[in-house]
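The values are calculated or read from the model by the stated rules, or taken from the named source; none is laboratory data. Computed from a prediction, not measured in an experiment: that's the story for all the values here. Every residue, glycine among them, receives a Cβ derived from its backbone with ideal geometry; neighbour counts consider all protein chains shown.
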Amino acid sequence: MNEGERVVFPPGWYVVADAAEIPRDRPVKLRRFGVDIVVFRRDDGSVAALDDRCKHRGASLSLGRLSNNCVACPFHGFEFAGDGECKRLPVLGPDAKIPKALHARAYEIREKDQWIWLWWGAVPEALPEIPRFEHLHTGRHRAHTFAREWDASFARVIENQLDPFHLPFVHKTTIGRNMPEAMTVNHVESDDEIIAWPGAERTDPREGFYIAFRWANLWENRIAERFSIVAAFAPIDATRTRTYLRTYQAFVTLPVLGWIVDRLMVFSNKAVFNQDERVVVSQPQLPLIAEDEVLVKADGAIIAYRKMFARWLRGPSQRATDQAAE
Ligand code: FES
Ligand SMILES: [Fe+2]
(Lines give C-alpha, C1' and ligand atoms only; values in the text may rest on other atoms or scores of the structure.)
(Ligands and ions follow the chains in the order given, each with its own letter.)
Protein backbone atom coordinates (compact mmCIF):
# COMPACT_ATOMS: atom_id res chain seq x y z
CA MET A 1 0.00 0.00 0.00
CA ASN A 2 1.28 3.50 -0.79
CA GLU A 3 2.19 5.69 2.13
CA GLY A 4 -0.91 7.54 3.26
CA GLU A 5 -3.37 5.48 1.17
CA ARG A 6 -6.38 4.56 3.25
CA VAL A 7 -8.39 1.52 2.42
CA VAL A 8 -12.05 1.73 3.37
CA PHE A 9 -13.76 -1.50 4.30
CA PRO A 10 -17.49 -1.35 3.62
CA PRO A 11 -19.81 -1.69 6.62
CA GLY A 12 -21.27 -5.00 7.65
CA TRP A 13 -21.19 -7.90 10.04
CA TYR A 14 -17.85 -9.58 9.57
CA VAL A 15 -16.69 -12.84 11.08
CA VAL A 16 -13.46 -11.81 12.82
CA ALA A 17 -12.63 -15.01 14.72
CA ASP A 18 -13.70 -18.49 15.57
CA ALA A 19 -15.40 -18.50 18.99
CA ALA A 20 -12.79 -20.98 20.25
CA GLU A 21 -10.09 -18.35 19.75
CA ILE A 22 -11.53 -16.17 22.52
CA PRO A 23 -10.99 -17.89 25.88
CA ARG A 24 -12.79 -16.90 29.09
CA ASP A 25 -9.72 -16.13 31.13
CA ARG A 26 -7.68 -13.59 29.17
CA PRO A 27 -7.99 -10.84 26.58
CA VAL A 28 -6.95 -11.52 22.99
CA LYS A 29 -5.51 -9.17 20.42
CA LEU A 30 -7.03 -9.35 16.95
CA ARG A 31 -5.62 -7.31 14.12
CA ARG A 32 -8.56 -6.69 11.79
CA PHE A 33 -9.28 -3.95 9.22
CA GLY A 34 -5.74 -2.71 9.84
CA VAL A 35 -6.60 -1.92 13.47
CA ASP A 36 -5.58 -3.67 16.69
CA ILE A 37 -8.63 -4.70 18.66
CA VAL A 38 -8.73 -6.32 22.08
CA VAL A 39 -11.47 -8.91 22.44
CA PHE A 40 -12.43 -10.36 25.80
CA ARG A 41 -15.27 -12.10 27.56
CA ARG A 42 -17.27 -10.59 30.38
CA ASP A 43 -18.09 -12.67 33.46
CA ASP A 44 -21.26 -13.94 31.77
CA GLY A 45 -19.24 -15.17 28.77
CA SER A 46 -20.46 -12.49 26.35
CA VAL A 47 -17.81 -10.95 24.11
CA ALA A 48 -16.61 -7.34 24.11
CA ALA A 49 -14.20 -5.49 21.82
CA LEU A 50 -12.25 -2.26 22.34
CA ASP A 51 -9.43 -0.50 20.57
CA ASP A 52 -6.30 -2.23 21.77
CA ARG A 53 -4.67 0.98 22.91
CA CYS A 54 -5.10 2.26 26.44
CA LYS A 55 -6.45 5.81 26.52
CA HIS A 56 -4.05 6.62 29.36
CA ARG A 57 -0.63 6.17 27.78
CA GLY A 58 -1.17 3.86 24.88
CA ALA A 59 -0.19 0.44 26.18
CA SER A 60 -1.78 -2.59 24.56
CA LEU A 61 -4.80 -3.66 26.64
CA SER A 62 -4.54 -7.18 25.27
CA LEU A 63 -1.35 -7.59 27.33
CA GLY A 64 -3.41 -7.04 30.45
CA ARG A 65 -5.81 -9.31 32.29
CA LEU A 66 -9.48 -9.68 33.10
CA SER A 67 -10.59 -8.12 36.36
CA ASN A 68 -13.98 -6.99 37.76
CA ASN A 69 -15.77 -7.78 34.48
CA CYS A 70 -13.30 -5.47 32.71
CA VAL A 71 -10.01 -5.64 30.88
CA ALA A 72 -7.23 -4.19 33.04
CA CYS A 73 -4.36 -2.38 31.35
CA PRO A 74 -0.96 -4.01 31.99
CA PHE A 75 0.74 -0.63 32.58
CA HIS A 76 -1.13 1.09 35.46
CA GLY A 77 -4.11 -1.18 35.93
CA PHE A 78 -6.88 1.11 34.63
CA GLU A 79 -9.94 -1.06 34.06
CA PHE A 80 -12.21 -0.78 31.03
CA ALA A 81 -15.66 -2.34 30.72
CA GLY A 82 -16.99 -3.88 27.52
CA ASP A 83 -18.74 -0.63 26.55
CA GLY A 84 -15.40 1.22 26.81
CA GLU A 85 -16.10 2.99 30.10
CA CYS A 86 -13.10 3.31 32.42
CA LYS A 87 -14.38 1.92 35.72
CA ARG A 88 -11.29 1.96 37.89
CA LEU A 89 -8.19 4.07 38.15
CA PRO A 90 -6.19 2.41 40.93
CA VAL A 91 -3.55 5.10 41.52
CA LEU A 92 -6.19 7.65 42.61
CA GLY A 93 -7.84 5.30 45.08
CA PRO A 94 -11.48 4.21 45.39
CA ASP A 95 -12.94 7.74 45.21
CA ALA A 96 -11.14 8.64 41.99
CA LYS A 97 -12.95 10.97 39.65
CA ILE A 98 -12.50 9.27 36.31
CA PRO A 99 -12.02 11.59 33.31
CA LYS A 100 -14.59 11.01 30.55
CA ALA A 101 -11.78 11.17 27.99
CA LEU A 102 -10.56 7.80 29.25
CA HIS A 103 -13.54 6.15 27.54
CA ALA A 104 -12.18 3.57 25.08
CA ARG A 105 -13.64 3.03 21.64
CA ALA A 106 -15.94 -0.01 21.74
CA TYR A 107 -17.14 -2.11 18.81
CA GLU A 108 -20.40 -3.96 18.32
CA ILE A 109 -19.43 -7.60 18.68
CA ARG A 110 -21.48 -10.79 19.03
CA GLU A 111 -21.04 -14.52 19.20
CA LYS A 112 -23.26 -16.66 17.00
CA ASP A 113 -22.86 -20.11 15.47
CA GLN A 114 -19.38 -20.47 16.97
CA TRP A 115 -18.24 -17.35 15.13
CA ILE A 116 -17.27 -13.98 16.58
CA TRP A 117 -18.96 -11.22 14.54
CA LEU A 118 -17.91 -7.59 14.56
CA TRP A 119 -19.89 -4.77 13.01
CA TRP A 120 -17.46 -2.68 11.02
CA GLY A 121 -18.33 0.89 10.02
CA ALA A 122 -20.76 3.49 11.30
CA VAL A 123 -23.33 1.80 13.52
CA PRO A 124 -26.86 2.22 12.14
CA GLU A 125 -29.86 2.70 14.42
CA ALA A 126 -30.95 -0.88 13.83
CA LEU A 127 -28.18 -3.33 13.11
CA PRO A 128 -28.97 -5.85 10.39
CA GLU A 129 -29.33 -9.47 11.39
CA ILE A 130 -26.19 -11.54 11.59
CA PRO A 131 -25.96 -13.79 8.53
CA ARG A 132 -26.42 -17.53 8.79
CA PHE A 133 -26.94 -20.49 6.47
CA GLU A 134 -29.98 -21.84 8.29
CA HIS A 135 -29.89 -25.40 6.96
CA LEU A 136 -26.53 -25.99 8.66
CA HIS A 137 -27.95 -25.23 12.08
CA THR A 138 -30.58 -27.88 12.56
CA GLY A 139 -28.38 -29.87 14.94
CA ARG A 140 -27.57 -32.60 12.41
CA HIS A 141 -24.13 -31.43 11.31
CA ARG A 142 -20.70 -31.72 12.88
CA ALA A 143 -18.47 -28.71 12.32
CA HIS A 144 -14.72 -28.54 12.23
CA THR A 145 -12.63 -25.42 11.56
CA PHE A 146 -9.12 -24.51 10.55
CA ALA A 147 -7.63 -21.16 9.58
CA ARG A 148 -4.97 -19.91 7.18
CA GLU A 149 -3.48 -16.47 6.49
CA TRP A 150 -2.67 -15.25 3.00
CA ASP A 151 -0.96 -12.15 1.66
CA ALA A 152 -4.11 -11.22 -0.22
CA SER A 153 -6.96 -8.78 0.29
CA PHE A 154 -10.21 -10.21 1.61
CA ALA A 155 -11.99 -9.10 -1.58
CA ARG A 156 -9.54 -11.10 -3.72
CA VAL A 157 -10.01 -14.17 -1.57
CA ILE A 158 -13.80 -13.84 -1.78
CA GLU A 159 -13.70 -13.37 -5.55
CA ASN A 160 -11.62 -16.51 -5.86
CA GLN A 161 -14.39 -18.42 -4.13
CA LEU A 162 -17.04 -17.03 -6.49
CA ASP A 163 -15.25 -18.38 -9.53
CA PRO A 164 -15.90 -22.05 -10.38
CA PHE A 165 -14.13 -22.00 -13.71
CA HIS A 166 -10.64 -21.86 -12.23
CA LEU A 167 -11.15 -25.41 -10.94
CA PRO A 168 -9.92 -27.38 -14.00
CA PHE A 169 -6.78 -25.21 -14.02
CA VAL A 170 -5.80 -24.39 -10.44
CA HIS A 171 -7.12 -27.66 -9.04
CA LYS A 172 -6.25 -29.95 -11.94
CA THR A 173 -4.80 -32.54 -9.54
CA THR A 174 -7.48 -32.32 -6.85
CA ILE A 175 -11.13 -31.16 -6.98
CA GLY A 176 -10.85 -30.00 -10.60
CA ARG A 177 -9.67 -33.34 -11.95
CA ASN A 178 -11.61 -34.38 -15.06
CA MET A 179 -13.67 -31.22 -14.94
CA PRO A 180 -14.47 -29.74 -18.36
CA GLU A 181 -12.74 -26.45 -19.13
CA ALA A 182 -15.83 -25.04 -20.83
CA MET A 183 -18.76 -24.42 -18.50
CA THR A 184 -21.67 -22.08 -17.99
CA VAL A 185 -21.79 -20.28 -14.65
CA ASN A 186 -25.20 -19.10 -13.47
CA HIS A 187 -25.97 -16.93 -10.51
CA VAL A 188 -28.75 -15.07 -8.71
CA GLU A 189 -28.13 -12.02 -6.56
CA SER A 190 -29.86 -9.86 -3.96
CA ASP A 191 -28.77 -7.02 -1.72
CA ASP A 192 -26.74 -9.28 0.55
CA GLU A 193 -26.52 -12.69 -1.11
CA ILE A 194 -25.11 -14.26 -4.28
CA ILE A 195 -25.73 -17.88 -5.24
CA ALA A 196 -23.73 -19.31 -8.14
CA TRP A 197 -23.53 -22.74 -9.73
CA PRO A 198 -21.95 -24.25 -12.80
CA GLY A 199 -24.21 -25.85 -15.41
CA ALA A 200 -27.77 -25.37 -16.59
CA GLU A 201 -30.22 -22.77 -15.35
CA ARG A 202 -32.36 -23.77 -12.37
CA THR A 203 -35.70 -22.74 -11.00
CA ASP A 204 -34.41 -23.26 -7.46
CA PRO A 205 -30.76 -22.15 -7.26
CA ARG A 206 -30.31 -24.35 -4.21
CA GLU A 207 -31.05 -27.63 -5.98
CA GLY A 208 -27.71 -29.41 -6.25
CA PHE A 209 -24.18 -28.10 -5.89
CA TYR A 210 -23.89 -24.36 -5.35
CA ILE A 211 -21.76 -21.57 -3.95
CA ALA A 212 -23.43 -18.97 -1.74
CA PHE A 213 -22.00 -15.72 -0.45
CA ARG A 214 -23.54 -13.60 2.30
CA TRP A 215 -22.40 -10.05 2.91
CA ALA A 216 -19.90 -9.23 4.36
CA ASN A 217 -17.58 -12.22 4.52
CA LEU A 218 -19.41 -15.53 4.83
CA TRP A 219 -19.42 -18.16 2.09
CA GLU A 220 -20.73 -21.66 1.62
CA ASN A 221 -20.05 -24.34 -0.92
CA ARG A 222 -22.88 -26.79 -0.63
CA ILE A 223 -21.46 -29.98 -2.05
CA ALA A 224 -24.22 -32.37 -1.01
CA GLU A 225 -27.24 -32.38 1.25
CA ARG A 226 -25.11 -33.53 4.16
CA PHE A 227 -21.86 -31.82 3.32
CA SER A 228 -20.92 -28.16 3.05
CA ILE A 229 -17.74 -26.18 3.33
CA VAL A 230 -18.20 -22.76 4.89
CA ALA A 231 -15.54 -20.07 4.81
CA ALA A 232 -15.22 -16.72 6.52
CA PHE A 233 -12.68 -14.22 5.23
CA ALA A 234 -11.45 -11.95 8.02
CA PRO A 235 -9.49 -8.93 6.79
CA ILE A 236 -6.33 -8.51 8.88
CA ASP A 237 -5.49 -5.40 6.92
CA ALA A 238 -5.84 -4.20 3.34
CA THR A 239 -3.63 -6.91 1.87
CA ARG A 240 -3.76 -9.75 4.38
CA THR A 241 -6.62 -12.10 5.15
CA ARG A 242 -7.24 -14.82 7.69
CA THR A 243 -9.61 -17.36 6.18
CA TYR A 244 -11.53 -19.75 8.39
CA LEU A 245 -12.60 -22.93 6.64
CA ARG A 246 -15.26 -24.95 8.40
CA THR A 247 -16.64 -28.24 7.18
CA TYR A 248 -20.20 -29.14 8.11
CA GLN A 249 -20.95 -32.79 7.63
CA ALA A 250 -23.87 -34.96 8.62
CA PHE A 251 -22.81 -38.28 7.12
CA VAL A 252 -20.37 -39.52 9.79
CA THR A 253 -21.49 -38.11 13.09
CA LEU A 254 -20.44 -40.95 15.41
CA PRO A 255 -18.01 -39.46 17.94
CA VAL A 256 -14.68 -41.13 17.03
CA LEU A 257 -15.32 -41.78 13.35
CA GLY A 258 -16.71 -38.30 12.93
CA TRP A 259 -13.56 -36.87 14.50
CA ILE A 260 -11.40 -38.81 12.04
CA VAL A 261 -13.48 -37.80 9.03
CA ASP A 262 -13.39 -34.13 10.09
CA ARG A 263 -9.59 -34.22 10.19
CA LEU A 264 -9.23 -36.09 6.93
CA MET A 265 -11.29 -33.37 5.30
CA VAL A 266 -8.97 -30.71 6.73
CA PHE A 267 -6.08 -32.53 5.10
CA SER A 268 -7.66 -32.45 1.64
CA ASN A 269 -9.04 -28.92 2.09
CA LYS A 270 -5.56 -27.65 2.94
CA ALA A 271 -4.14 -29.11 -0.27
CA VAL A 272 -6.87 -27.40 -2.32
CA PHE A 273 -6.45 -24.15 -0.42
CA ASN A 274 -2.69 -24.10 -1.06
CA GLN A 275 -3.36 -24.40 -4.78
CA ASP A 276 -5.62 -21.33 -4.58
CA GLU A 277 -3.11 -19.34 -2.53
CA ARG A 278 -0.41 -19.62 -5.17
CA VAL A 279 -2.46 -17.80 -7.81
CA VAL A 280 -4.48 -15.42 -5.63
CA VAL A 281 -1.41 -13.86 -3.99
CA SER A 282 0.02 -13.30 -7.47
CA GLN A 283 -2.83 -10.88 -8.32
CA PRO A 284 -2.54 -7.15 -7.54
CA GLN A 285 -4.22 -6.77 -4.15
CA LEU A 286 -5.19 -3.09 -4.26
CA PRO A 287 -7.49 -1.41 -4.83
CA LEU A 288 -9.77 -3.88 -3.05
CA ILE A 289 -11.95 -3.97 -6.15
CA ALA A 290 -9.81 -4.08 -9.29
CA GLU A 291 -10.61 -1.42 -11.86
CA ASP A 292 -8.64 -2.55 -14.89
CA GLU A 293 -9.67 -6.16 -15.48
CA VAL A 294 -11.38 -7.58 -18.54
CA LEU A 295 -14.12 -9.82 -17.19
CA VAL A 296 -15.99 -12.40 -19.24
CA LYS A 297 -19.50 -13.86 -19.07
CA ALA A 298 -18.49 -16.63 -16.67
CA ASP A 299 -17.35 -13.95 -14.19
CA GLY A 300 -20.98 -13.04 -13.49
CA ALA A 301 -20.81 -13.84 -9.76
CA ILE A 302 -17.67 -11.71 -9.39
CA ILE A 303 -19.39 -8.82 -11.14
CA ALA A 304 -22.33 -9.27 -8.75
CA TYR A 305 -19.92 -9.17 -5.79
CA ARG A 306 -18.32 -5.98 -7.04
CA LYS A 307 -21.73 -4.34 -7.39
CA MET A 308 -22.67 -5.48 -3.90
CA PHE A 309 -19.40 -4.12 -2.53
CA ALA A 310 -20.03 -0.73 -4.15
CA ARG A 311 -23.60 -0.59 -2.78
CA TRP A 312 -22.50 -1.35 0.78
CA LEU A 313 -19.68 1.14 0.50
CA ARG A 314 -22.20 3.85 -0.43
CA GLY A 315 -24.37 3.08 2.57
CA PRO A 316 -27.94 1.94 3.27
CA SER A 317 -29.94 4.82 1.80
CA GLN A 318 -28.03 4.62 -1.47
CA ARG A 319 -28.51 0.85 -1.50
CA ALA A 320 -32.28 1.21 -1.38
CA THR A 321 -32.21 3.72 -4.25
CA ASP A 322 -29.98 1.46 -6.31
CA GLN A 323 -32.27 -1.50 -5.77
CA ALA A 324 -35.37 0.42 -6.72
CA ALA A 325 -33.64 1.52 -9.93
CA GLU A 326 -32.59 -1.99 -10.92
S1 FES B 1 -1.15 3.01 29.86
FE2 FES B 1 -2.87 1.92 30.44
S3 FES B 1 -3.15 2.37 32.49
FE4 FES B 1 -1.45 3.56 31.94
FE1 LIG C 1 -9.96 -22.74 -5.80
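Among the listed residues G45, G58, identify the single one that is without any contact (Cβ under 8 Å) to a residue 12 or more places away in the chain and either on the phi > 0 side of the Ramachandran plot or acidic (D, E) (or both).
Working: G45 fails: without any contact (Cβ under 8 Å) to a residue 12 or more places away in the chain.
Of G45, G58, the one residue that is without any contact (Cβ under 8 Å) to a residue 12 or more places away in the chain and either on the phi > 0 side of the Ramachandran plot or acidic (D, E) (or both) is G58.
Identify the single condition in (1) crowded, with 16+ Cβ neighbours inside 10 Å; (2) part of a strand (DSSP E or B) that K29 does not satisfy, given that it satisfies every other one.
Failing condition for K29: (1).
Okay, residues lined up against (1) touching a residue at least 60 places away in the same chain (Cβ under 8 Å); (2) more than 21 Å from T138 (Cα to Cα); (3) part of a loop (DSSP other than H, G, I, E, B):
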{"residue": "F169", "(1), (2), (3)": "no, yes, no"}
{"residue": "M179", "(1), (2), (3)": "no, yes, yes"}
{"residue": "V188", "(1), (2), (3)": "no, yes, no"}
{"residue": "A212", "(1), (2), (3)": "yes, no, no"}
{"residue": "I229", "(1), (2), (3)": "no, no, no"}
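To keep it simple, each residue is scored yes or no on (1) within 16 Å of ligand 2 (Cβ to nearest atom); (2) surrounded by fewer than 19 Cβ atoms within 10 Å (Cβ to Cβ).
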| site | (1), (2) |
| --- | --- |
| W115 | no, no |
| L118 | no, no |
| P128 | no, yes |
| G139 | no, yes |
| A147 | no, yes |
| I158 | yes, no |
| K172 | yes, yes |
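Pick from S268, S228, S190: which is out of contact with any helix residue (DSSP H, G or I) (no Cβ under 7 Å at 6 or more places or on another chain), among the hydroxyl-bearing types (S, T, Y) and closer than 30 Å to L313 by Cβ?
Numbers: S268 fails: closer than 30 Å to L313 by Cβ; S228 fails: out of contact with any helix residue (DSSP H, G or I) (no Cβ under 7 Å at 6 or more places or on another chain).
Step by step, each of S268, S228, S190 is checked, and only S190 is out of contact with any helix residue (DSSP H, G or I) (no Cβ under 7 Å at 6 or more places or on another chain), among the hydroxyl-bearing types (S, T, Y) and closer than 30 Å to L313 by Cβ.
Just one of (1) among the aliphatic types (A, V, I, L, M); (2) in a strand (DSSP E or B); (3) not assigned by TED's automatic domain parsing to the domain that holds I98 trips up A17, so point out which.
Unmet for A17, out of (1) among the aliphatic types (A, V, I, L, M); (2) in a strand (DSSP E or B); (3) not assigned by TED's automatic domain parsing to the domain that holds I98: (3).
Out of the residues in the stretch 61-107 meeting the condition of being among the hydroxyl-bearing types (S, T, Y) and surrounded by 17 or more Cβ atoms within 10 Å (Cβ to Cβ), tell me which one is nearest to W117 (Cα to Cα). Can you show your working first?
Step one: list which residues in the stretch 61-107 are among the hydroxyl-bearing types (S, T, Y), which gives 62, 67, 107.
Still in the running and surrounded by 17 or more Cβ atoms within 10 Å (Cβ to Cβ): 62, 107.
Working: S62: 18, Y107: 10 Å.
Taking the candidates together, the pick is Y107.
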